[in-house]
Amino acid sequence: MDLSLKNKKVFVSGSSRGIGLGIAKRFIDEDADVVINGRNLDELDTAMATLGKCRSVDGDVSNPDDALRTIKRADEILNGIDILVCNVGSGSSVPPGQETYNEWHRVFAINFFSATNLIEASLDFLTKSKGSIVCISSICGSETIPGAPVTYSVAKSAVNAYVKSMAAPLALRGIRINAVAPGNISFEGSVWSTKMTQDPESVKAMLKDNVPLGKLGSPDDVAHAVVWLASDIAKFVTGSIVTTDGGQTRS
């Protein structure tokens, strides 16, 4: 299927590794013009060497001023923005029941404000291009996943609510907004990659008990959903949360 993404101007946050790197690669494979983002310059250089045809802007988009600077620089590089992918996030937090005021703020900055900062900074560019936004959420934001940090789950629930609530006002500007909610995704350096190395039998048992497809997902599984949502093939889709979890969630 031709997604007609050739020469589309795409910014992917948190894309020096993992899911974000996979998303950037998928857009590049579709001949889009891509700018990747991360906080670590060395990791960005490594990612660009891996991806080939892309450019980068470093910046901590959980900070509103840095997000604005980052988007302005991306616009200078791309001469516009057609597609914004908000991928920054981390499921690392305290165990359930040990939340603190400071931890709530830290986790929300990474998993929620990183997206809203970028969207607010990009509004004029996306209005001009009648663009598309895709946020990376999590199944933890859709239902309670045993053992998942509460701070992370609530922050991703906020992402889902934001996407649904902003669909109407953004549509007035000609902008679509959707989210992808991944389940258990494995890649080099990920939590699941580590667990598979340390205790493969427990991971296999978890997959057998909880995931109908019986396997971990990959960044490609998420990336395929993202490029579809971002493309004009999905032009009648906005305010949706697309789950990619092998059937794990039931709600």
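The values are calculated or read from the model by the stated rules, or taken from the named source; none is laboratory data. Please read all numbers here as calculations on a predicted model, not as lab measurements. Note that we place each Cβ from the backbone using ideal geometry, even for glycine, and neighbour counts take in every protein chain shown.
Residue by residue, here is whether (1) at pLDDT 95 or above; (2) assigned by TED's automatic domain parsing to the domain that holds V237; (3) more than 15 Å from the chain's Cα centre (by Cα) holds:
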site: G91; (1), (2), (3): no, yes, no
site: E103; (1), (2), (3): yes, yes, yes
site: A115; (1), (2), (3): yes, yes, no
site: L118; (1), (2), (3): yes, yes, no
site: S132; (1), (2), (3): yes, yes, no
site: G147; (1), (2), (3): no, yes, yes
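Scanning region 27-41 for residues that are closer than 19 Å to R73 by Cα, out of contact with any Asp or Glu (no Cβ under 8 Å at 6 or more places or on another chain) and of a type in the set (D, E, K, R) yields one hit, D33.
Say we look at region 63-107 and pick out the residues that are in a helix (DSSP H, G or I) and touching a residue at least 60 places away in the same chain (Cβ under 8 Å); which of these is nearest to V159 (Cα to Cα)? By that ranking, first place goes to I71. Filtered by the rule that a residue be within 14 Å of I81 (Cα to Cα) and crowded, with 24+ Cβ neighbours inside 10 Å, region 6-31 gives K8, V10, F11, V12, S13, F27.
Looking at the structure I just gave you, is D221 among the acidic types (D, E) and crowded, with 16+ Cβ neighbours inside 10 Å?
Values: among the acidic types (D, E): yes; crowded, with 16+ Cβ neighbours inside 10 Å: yes.
Here the answer is yes, as D221 does meet what is asked.
Looking only at residues in region 13-33 that are charged (D, E, K, R) and assigned to a helix (DSSP H, G or I), the one that is nearest to L51 (Cα to Cα) is K25. Answer yes if at least one residue in region 205-217 is surrounded by 12 or more Cβ atoms within 10 Å (Cβ to Cβ) and small (G, A, S), and no otherwise. Yes - at least one qualifying residue is present in region 205-217.
So which residues in region 34-62 are crowded, with 16+ Cβ neighbours inside 10 Å, in a loop (DSSP other than H, G, I, E, B) and either polar (S, T, N, Q) or not assigned by TED's automatic domain parsing to the domain that holds S114 (or both)? Answer for region 34-62, where residues must be crowded, with 16+ Cβ neighbours inside 10 Å, in a loop (DSSP other than H, G, I, E, B) and either polar (S, T, N, Q) or not assigned by TED's automatic domain parsing to the domain that holds S114 (or both): just S62. The set of residues in region 146-167 being surrounded by fewer than 18 Cβ atoms within 10 Å (Cβ to Cβ) and of a type in the set (D, E, K, R) consists of K164 alone.
Scan (1) closer than 23 Å to H224 by Cβ; (2) among the acidic types (D, E); (3) under 18 Å from the mean Cα position of the chain (by Cα) for the single condition E43 breaks and write down its number. The number of the failed condition is (1).
Quick grid of which residues meet (1) part of a helix (DSSP H, G or I); (2) touching a residue at least 40 places away in the same chain (Cβ under 8 Å); (3) crowded, with 23+ Cβ neighbours inside 10 Å:
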{"residue": "A109", "(1), (2), (3)": "yes, yes, no"}
{"residue": "A115", "(1), (2), (3)": "yes, yes, yes"}
{"residue": "E120", "(1), (2), (3)": "yes, yes, no"}
{"residue": "F125", "(1), (2), (3)": "yes, yes, no"}
{"residue": "T144", "(1), (2), (3)": "no, no, no"}
{"residue": "P169", "(1), (2), (3)": "yes, no, no"}
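The single condition among (1) in the same structural domain as S132 (by TED's automatic domain parsing); (2) surrounded by fewer than 13 Cβ atoms within 10 Å (Cβ to Cβ) that I233 does not satisfy is (2).
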